[in-house]
Amino acid sequence: MEEDWEILRDLRLAALRDEPDAYGMTLEVAMANPEHRWRMMAREYNFHVAEVDGEAVAMASGGLNDQYPGTTWLYGMFVRPPWRGQGAGDAVVAAIADWARGEGSDALYLHVTETLSRPRAFYRRLGFVETGARHSMQRDPGLELLEMRKPLSPFTIEVVAPERLHDLRRRVLRGGRADAKVSDVRDAEPTSLHLAGVLDGIVVVSASFYPSTSPVDPDTPTWMLRYMATDPSVQGRGYGAAVLTEGERRVRELGAAQLWANGRDTALGFYRRLGWRTLVGSEHLSPETQLPHTVITKDL
């Protein structure tokens with residue numbers, strides 16, 4: 001509301017003083033804004049503010065992006081330093097996500113400066129995943145922006161019995177062949193981990209993890225990823241990346257220092273965007289599908 005313009009101004013200036021590389025506006029430009037400009041922003045822009053005991057401690061805004069028609073975006077995120085890690089930031093992001101759902105959007109996007117590790121970790125914790133897209137900041141081309149995306153559909157990640165993943169494995173990884181092998185002798189081992197990405201009650205992502213020996217360094221505590229698959233109907237929406245990121249977190253907590261997999265060559269771009277590396281000279285044909293694969297690894 002327009003009468004809150006001073007709250008908006010004070011938070012915005014505090015944000016620009018705290019982390020100038022995070023925003024497309026400079027502190028100097030913001031300080032030069034006249035009162036009527038702040039009033040217009042408070043009246044017309046979709047800002048949400050979190051208060052604690054009457055003090056405005058966090059803000060974010062939601063809006064559209066002319067370069068990406070039909071998408072909803074998170075802008076201007078800021079939490080005053082004393083209140084970080086106490087839920088105020090989560091609250092304003094949740095408010096913007098609710099607004100985006102109300103707009104009929106199935107995802108919320110943002111740009112974050114590549115060099116700012118703390119905000120990136122915050123967004124990852126809230127379910128945002130890097131899409132792989134990168135842009136130079138308009139006001140300072142020396143700053144690189146990473147695009148992140150948070151699915152807004154009723155999507156959950158669940159630990160499941162391997163049998164629940166067989167249908168998706170068969171459809172995506174084995175061409176739907178009824179006689180195809182879609183299980184591993186290690187599936188039933190108590191140390192195995194099977195994750196399902198579930199959308200509206202349907203398994204749309206599969207990922208299984210097993211303790212293994214590293215193809216790079218046998219002395220490194222390593223797990224293997226197998227049967228990573230995303231239903232074609234939801235590919236490109238961040239669900240596969242969310243499941244893989246959750247799997248990485250879980251095996252890291254179990255002591256893994258590295259993950260490896262036989263990555264299908266057509267999926268290598270997906271893995272590279274998430275920080276995986278290819279092992280030079282490891283190209284081969286899968287004995288099960290005869291499709292080109294390459295050994296990929298990721299240090300955790």
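Worth pointing out:
- Gyration tensor verdict on the range 1-83 (Cα atoms; rounded if a/c is under 1.5, prolate if a/b is larger than b/c, oblate otherwise): rounded
- In terms of its C-alpha gyration tensor, the range 50-126 comes out oblate, because a/c is 1.5 or above while a/b does not outweigh b/c.
- The range 69-126 and the range 275-289 have Cα centres lying 36 Å from one another.
- Accessible surface of the chain [probe 1.4 Å, protein heavy atoms]: carbon and sulfur percent: 51 percent
- Prolate/oblate/rounded label for the range 144-218 (Cα gyration tensor, a/c 1.5): oblate
- Between the entries (i) 22.2, 71; (ii) 20.9, 69; (iii) 18.9, 62, the label attached to Rg and Dmax of the Cα atoms in Å calculated for this structure is (i).
- A Förster radius of 41 Å combined with the Cβ-Cβ distance from Gln290 to Ser117 puts the calculated FRET efficiency at roughly 0.45.
- In loop segments of the range 138-244 as defined by DSSP, the trypsin sites (Lys or Arg not before Pro) with at most 13 further C-beta atoms inside 10 Å of their C-beta are Arg139, Arg177, Lys181.
- Glu283/Ser183 FRET efficiency (R0 22 Å; Cβ-Cβ; nearest 0.05): 0.30
- Rounded to whole Hz, the Karplus (6.51, -1.76, 1.60) HN-Hα couplings of the range 91-102, x for glycine and proline: 5, 6, 5, 4, 5, 5, 5, 5, 4, 5, 4, x
- Using the 1.4 Å probe convention, the accessible area of the chain works out to 50 Å² per residue with neighbouring protein chains retained.
- Dipole of the chain, positive end: most advanced residue of Asn33, Thr289, Tyr239 [Cβ charges, Cα centre]: Thr289
- Added length on full extension, which subtracts the Cα-Cα distance from 0.36 nm per residue, Glu55 to Trp83: 9.0 nm
- Taking the Cα centre of the chain as reference, the dipole from Cβ charges on Lys and Arg (+1) and Asp and Glu (-1) amounts to some 860 debye.
- Of all DSSP-defined beta bridges confined to the chain, some 90% are antiparallel rather than parallel.
- Residue-span extension gain [Asp265 to Asp10] - 0.36 nm each, minus C-alpha spacing: 86.7 nm
- The Rg/Rh ratio for the range 224-273, using Cα coordinates for both the radius of gyration and the Kirkwood hydrodynamic radius, is 0.96.
- Helical mean residue ellipticity (222 nm; -39500 (n - 2.57) per DSSP H run of 4+; nearest 500) of the chain: -7500 deg cm²/dmol
- Label zone at Val159 (point 7 Å along Cα-to-Cβ), backbone N below 16 Å, the range 183-219: 187-197, 207-211
The values are calculated or read from the model by the stated rules, or taken from the named source; none is laboratory data. None of these values were measured; they are calculated from a predicted model. Positions of Cβ are backbone-derived with ideal geometry, glycine not excepted, and every protein chain shown enters the neighbour counts. These accessible areas exclude ligands, DNA and RNA; they are computed on the full protein's heavy atoms, side chains included. Shrake-Rupley method; radii C 1.70, N 1.55, O 1.52, S 1.80 Å.
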